[in-house]
Amino acid sequence: MVSGWPEPVERVAAFLREAGAEARLEELPTETATAEAAAEAAGCTLEQIVKTLVLLCDGRPVVALVPGDRRGDPAKVARAAGAARARVARPQEVVAATGFEPGAVAPFPLPRVERVLVEPSLLSHPVVWVGAGSPRHLAVLAPAELVRLARAEPVDVVQEPAYHSQPGPETKER
């Protein structure tokens, strides 16, 4: 394994090794502060970027995995989690729940998160890209492998309609 990676990235890499995962962890040349930046750096479509959203559902952390071109729907997440309400976690709550900084949350390992929900539309891609512990690291894997590793339940967790539905002039064919 590559040495010198930040501790959170090494934690993701160790989890992938121990799980026998079919995944590739990559260090990108630029930070990926937005889904658009991640798609550009990874050379994939926005729909293949997985945003790992942390919500508190009646005080319990729940993770929602949503495509880069969509917004999570807290009401849908609350319903799926059997909670009266859900809200987006504050930065310190994200760290407490996941062990990762906001903007670098990986969908695994998450020992303090009981439920992980995945938007079913992510399952239609050959591969998806997920955060891997730092703003410069992503992992690429098949959606079925993501579901297995994250112990994710496919549930509709996005707002309608897509807010990035039309490609802009900066979108490149790859």
Practice task
Go through the residues of segment 86-102 one by one and say whether even a single one is out of contact with any Lys or Arg (no Cβ under 8 Å at 6 or more places or on another chain), over 24 Å from LEU138 (Cβ atoms), open to solvent by 40 Å² or more (accessible area, probe 1.4 Å) and hydrophobic (A, V, I, L, M, F, W, C).
Solution key: no
Practice task
Please work out which residue is nearest to ARG136 (Cα to Cα), limiting yourself to segment 24-43 and to residues that are in contact with a strand residue (DSSP E or B) (Cβ under 6 Å, 6 or more places away or on another chain) and not basic (Lys, Arg).
Solution key: GLU27
Fill in the blank from the handout: Of the conditions (1) outside any helix (DSSP H, G or I); (2) at pLDDT 95 or above; (3) farther than 25 Å from LEU28 by Cβ, the single one that PRO111 does not satisfy is (2)
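What about GLY4, is it touching a residue at least 60 places away in the same chain (Cβ under 8 Å), more than 13 Å from the chain's Cα centre (by Cα) and either more than 24 Å from GLU153 (Cβ to Cβ) or surrounded by fewer than 19 Cβ atoms within 10 Å (Cβ to Cβ) (or both)?
When the stated conditions are applied, GLY4 does not pass them.
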Exercise for the section: Would you point out the residue of segment 101-134, among those that are of a type in the set (Asp, Glu) and out of contact with any helix residue (DSSP H, G or I) (no Cβ under 8 Å at 6 or more places or on another chain), that is nearest to VAL63 (Cα to Cα)? Expected result: GLU114
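Consider segment 17-50. How many of its residues are open to solvent by 60 Å² or more (accessible area, probe 1.4 Å) and touching a Phe, Trp or Tyr at 6+ places or on another chain (Cβ under 8 Å)?
Result for segment 17-50: 1.
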Practice task
Please find, among GLY168, GLY72, the residue that is within 28 Å of LEU28 (Cα to Cα) and at pLDDT below 95.
Solution key: GLY168
Completion exercise
Counted residues in segment 114-136 being in contact with a strand residue (DSSP E or B) (Cβ under 7 Å, 6 or more places away or on another chain) and in a helix (DSSP H, G or I) come to 4
Practice task
Would you mind stating whether VAL12 is of a type outside the set (Phe, Trp, Tyr) and not in a strand (DSSP E or B)?
Solution key: yes
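The values are calculated or read from the model by the stated rules, or taken from the named source; none is laboratory data. The shown structure was predicted, so the numbers you read here are calculated from the model rather than taken from an experiment. We place every Cβ from the backbone using ideal geometry, glycine too, and count neighbours over all the protein chains shown. Each accessible area value is taken on the protein alone, full model and side chains, heavy atoms only, with ligands, DNA and RNA left out. Shrake-Rupley method; radii C 1.70, N 1.55, O 1.52, S 1.80 Å.
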